[in-house]
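Visitor: Pasting in a structure now, in structure tokens, and then I'll have a few things to ask.
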Amino acid sequence: MRSEKTNRAPLGLKIAAAAGLAFMHLPILLIFLYAFTTEEKTYQFPPPGLTTQWFAVAWNRPDVWAALTLSVKVAAIATAAALVLGTLCAAAVSQTRFFGRETVSLLVILPIALPGIITGIALRSAFSMADIPFSFWTIVLGHATFCIVVVYNNAVARFRRISGSLIEASLDLGADGFQTFRYVILPNIGTALLAGGMLAFALSFDEVIVTTFTAGQQSTLPIWMLEELIRPRQRPVTNVVAMIVVIVTFLPILGAYYLTRDGDQIAGAGK
Amino acid sequence: MTTAVLFDNVSRHFGAVRAVDRVNLSITEGEFFAMLGPSGSGKTTCLRLMAGFEQPSAGHIEIFGETAEGVPPYRRSVNTVFQDYALFPHLSILDNVAYGLMVKGIGREERRKAAGDALAMVKLPGYGARRPGQLSGGQRQRVALARALVNKPKVLLLDEPLGALDLKLREQMQEELKSLQKSLGITFVFVTHDQGEALSMADRIAVFNEGRIQQLGRPEDVYNRPKTRFVADFVGSSNVLSSKLCQKLGLTASYASLRPEAVAIAPASDGALSLSGTVAGRSFLGATNRIVVDVEGSRIAVASPAAQAVPEIGSPVTLSFATRDLHPMEDA
């Protein structure tokens, strides 16, 4: 009985924890709630009535679709670029020794440590100095800076756990460099890349600050939402879109969490 | 007799470090060849030069008459058993063993059969479906052996393969490796720091120190007639007689080695050499007693049969030994 009691948290702590969690998550529930409200100009509480008409309205608005497809395209291309570059960089840093290796490793991680506004301003001035017009591709470039970090971090941790002799064993058994990558390296880092890619996609999908500085006339989904909040017209449409954003970003992050959680059994087995 | 591996004045430098320094050796086909030495002596680098993971800084390497420099590991007819086994954690045991055949493009049925046969050869039949993580150290060692041998290499390289096993398993594997090598007739090149292992398994031994071969020969020769002080000290526990004692015994060499079991505590008979000293220590080793005698400041160990009486510490004794047991050595 005694030991059970010591494991139990005091009531005050429980209440504090519950309050903390509620403070973080109730506002999100409110967003969901207002997606169903009948009042379209103000967010009055409680909502005067409930309706699902805003889902149909959102479905039929071309600006929603434009923003959504732009965001998906940007996130997909930035993630793809980050997967290639981040993996190569992680391979170089973890498998070889060269001058400036530690510096490179720090510089790669820096963009995610810097405030987004710094990255944004820096990229914006660099683009205008180089006379690069702001376009779809400048947004992709901006997003790729922090997407690479996420992929790199995931890949480098996994690379470090692959014993160097695994690669030598593969070469020794007659596999050339490509076969070694295909049959030994990729299966061992695959889940880390998938997790890194999902996180990168989610980060890019809801990015606002860097996008504001690097976008031209286009609006990605988060930018579109910001603009919508200023205009009080069909407000619940924004909430419908917000729900979609939550679902689209939450699922990959959840997936990434489950993929890397069991990482020890995948890469570290037998060591 | 065909030469399996030839090293002609091979050096491998890492910056200022001469890991391998002007090594010459020639390994005959079908031989069980051991490279023995302390860690950092260059023996493992020599093995990696044979496998193709390192390239020589200078010199020439041939494997079965073909130049090996510049040939990547995957184009050499040698296979390696790694010290940490390096089994692929994401593949089953059968797929691990079949890996070499798979990358060569051999069909699924054929390579599975060959891998199954190889597992049976190392006494692990039916283990194919398991993962490396589910096997013990000794079993993983056998899998690593099967994975290398299934490719029918001309030379099998073994990098301290028994180092991670406990004593009993190690002795058992020594015998199995030896009989496997005899039945397959493949050249084995074996790296070890355990002199007992090298002496009991190898046809010939190369003793390495500081990147160079100190002595190369049959186990009996290396053990009984060490050429340098290092070999005398590292292989077994020979006494090294100082130049002062050598002079006293009328030798021209500056150092000489003397096996403890070649020395008797008894007055010298005709033709034998003798030295006198005092007993400085003694210990019981089972079949023998080890008696350390102080002779004019140098210590000489004597392996005396357990049946013989053991002199008290501090008592004066006479040591005698035959001239032929005294082996002059190079000063190195």
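The values are calculated or read from the model by the stated rules, or taken from the named source; none is laboratory data. Everything numeric here is computed off the predicted structure, so don't read it as measured data. With ideal geometry, Cβ positions are generated from the backbone for all residues, glycine too; neighbour counts draw on all protein chains shown. All accessible areas refer to the heavy atoms of the entire protein, side chains included, with ligands and DNA or RNA removed. Shrake-Rupley method; radii C 1.70, N 1.55, O 1.52, S 1.80 Å.
Visitor: With every protein chain present, what accessible area does A:LEU68 have (1.4 Å probe, heavy atoms only), rounded to the nearest 10 Å²?
Guide: 40
Visitor: Another question, then. Rounded to whole Å, give me the distance from the Cα center of the range B:280-332 to that of the range A:42-106.
Guide: The distance from the Cα centre of the range B:280-332 to that of the range A:42-106 comes to 80 Å.
Visitor: Can you give the accessible area of A:HIS25 in Å² (nearest 10), computed on protein heavy atoms with a 1.4 Å probe?
Guide: The accessible area of A:HIS25 comes to roughly 90 Å².
Visitor: Right, next: In Å², rounded to the nearest 100, what is the total accessible surface buried by chains A and B against each other with a 1.4 Å probe?
Guide: Working: alone 15870 and 15750 Å², together 29640 Å².
Interface area, both chains combined: 2000 Å², rounded to the nearest 100.
Visitor: Let me ask something else about it. Extending each Cα 7 Å along its Cβ direction at B:ASN224 and A:GLN44, get the distance between those two points in nm, one decimal.
Guide: Reported label-point gap for B:ASN224 and A:GLN44 is 11.1 nm.
Visitor: Once the other residues with Cβ under 9 Å from the Cβ of B:THR28 are scored (Lys, Arg +1; Asp, Glu -1), what is the net sum?
Guide: Details: positive: B:ARG204; negative: B:GLU29, B:GLU31, B:ASP203.
Taking every other residue near B:THR28 into account, the sum is -2.
Visitor: At a 1.4 Å probe radius, carbon and sulfur cover how many percent of the accessible area of the range A:62-260? Write out the running numbers ahead of the final one.
Guide: Values: 6860 of 9250 Å².
Exposed carbon and sulfur together represent 74 percent of the surface.
Visitor: Pairs B:LYS113/B:LYS154; B:LYS113/B:LYS168; B:LYS43/B:LYS168; B:LYS178/B:LYS227; B:LYS113/B:LYS178; B:LYS104/B:LYS178: which exceed 23 Å Cα-Cα? Please list the in-between numbers first.
Guide: Working: B:LYS113/B:LYS154 21 Å; B:LYS113/B:LYS168 32 Å; B:LYS43/B:LYS168 25 Å; B:LYS178/B:LYS227 27 Å; B:LYS113/B:LYS178 25 Å; B:LYS104/B:LYS178 29 Å.
The pairs that break the limit, which is 23 Å between Cα atoms, are B:LYS113/B:LYS168; B:LYS43/B:LYS168; B:LYS178/B:LYS227; B:LYS113/B:LYS178; B:LYS104/B:LYS178.
Visitor: Each label point is 7 Å from the Cα along the Cα-to-Cβ direction; what then is the distance between the points at B:GLN172 and A:ALA91, in nm?
Guide: My value for the distance between the label points is 4.2 nm.
Visitor: Here's another thing I want to ask about it. One quarter of the convex hull surface, Cα atoms only: what value does that give for the range A:62-260 in nm²?
Guide: Values: hull surface 52.4 nm².
For the Cα atoms of the range A:62-260, the hull's average projected area reads 13.1 nm².
Visitor: Just from its helices, what would the mean residue ellipticity at 222 nm be for the protein assembly as shown, if runs of 4 or more DSSP H residues each count -39500 (n - 2.57) and the sum is divided by every residue, rounded to the nearest 500 deg cm²/dmol? Don't jump to the answer; show the numbers that get you there.
Guide: Working: 23 runs with 296 residues, N = 603.
The helix-only estimate for the protein assembly as shown comes to -15500 deg cm²/dmol at 222 nm.
Visitor: Based on Cα positions only, what radius of gyration and what Dmax would you give for the range A:1-103, in angstroms?
Guide: For the range A:1-103, the Cα-based Rg and Dmax read 25.0, 66 Å.
Visitor: Going out from 0 in 10 Å bins, what whole percent of all Cα-Cα distances in chain B drops into each bin?
Guide: Taking all Cα pairs of chain B, the binned fractions are 6, 22, 26, 20, 14, 8, 3, 0 percent.
Visitor: Now a separate question. Among DSSP bridges having both ends in the protein assembly as shown, what percentage is antiparallel? Round to the nearest 5. Show your work: numbers first, answer last.
Guide: Numbers: 49 of 68 bridges.
If I count the DSSP bridges inside the protein assembly as shown, around 70 percent turn out antiparallel.
Visitor: Sticking with this structure for a sec: How would you order B:186-193, B:245-252 from highest to lowest mean count of nearby Cβ atoms within 10 Å?
Guide: On the way: B:186-193: 23.6, B:245-252: 14.1.
So the order, starting with the most tightly packed, is B:186-193, B:245-252.
Visitor: Using the beta-carbon distance between B:LYS113 and A:SER105 and R0 = 41 Å, what value does 1/(1 + (r/R0)^6) give for FRET efficiency, to the nearest 0.05?
Guide: Calculated transfer efficiency: 0.30.
Visitor: Residues of A:73-80, mean number of Cβ from any other protein chain within 10 Å of their own Cβ, rounded to a whole number?
Guide: Details: counts 0, 0, 0, 0, 0, 0, 0, 0.
Average per residue, whole number: 0.
Visitor: Which is the longest part of chain A that has none of the chymotrypsin sites (Phe, Trp or Tyr not before Pro) sitting in a DSSP loop with at most 13 other Cβ atoms within 10 Å?
Guide: Values: sites that count: A:PHE98, A:PHE99.
Longest stretch, sites excluded: A:100-271.
Visitor: Output needed for the range A:116-172: three equivalent-ellipsoid semi-axes, defined as square roots of 5 times the C-alpha gyration tensor eigenvalues, in descending order, whole Å.
Guide: One finds semi-axes of 38, 13, 8 Å for the range A:116-172.
Visitor: Tally Lys/Arg at +1 and Asp/Glu at -1 over every other residue whose Cβ is under 14 Å from the Cβ of A:LEU173; what's the total? Spell out each step's value before the answer.
Guide: Values: positive: A:ARG182, B:ARG75, B:ARG76, B:LYS104, B:ARG111, B:ARG147, B:LYS152; negative: A:GLU168, A:ASP172, A:ASP176, B:ASP95.
Local net charge: +3.
Visitor: Another one. So, in nm, how far is label A:HIS25 from label B:GLU261 when the simple model puts each one 7 Å beyond its Cα toward the Cβ?
Guide: The answer from the label model is 7.6 nm.
Visitor: Quantify how much of the Cα-Cα distance distribution of the protein assembly as shown extends past 34 Å, in percent.
Guide: Details: 112926 of 181503 pairs.
In whole percent, the share of Cα-Cα pairs in the protein assembly as shown beyond 34 Å is 62.
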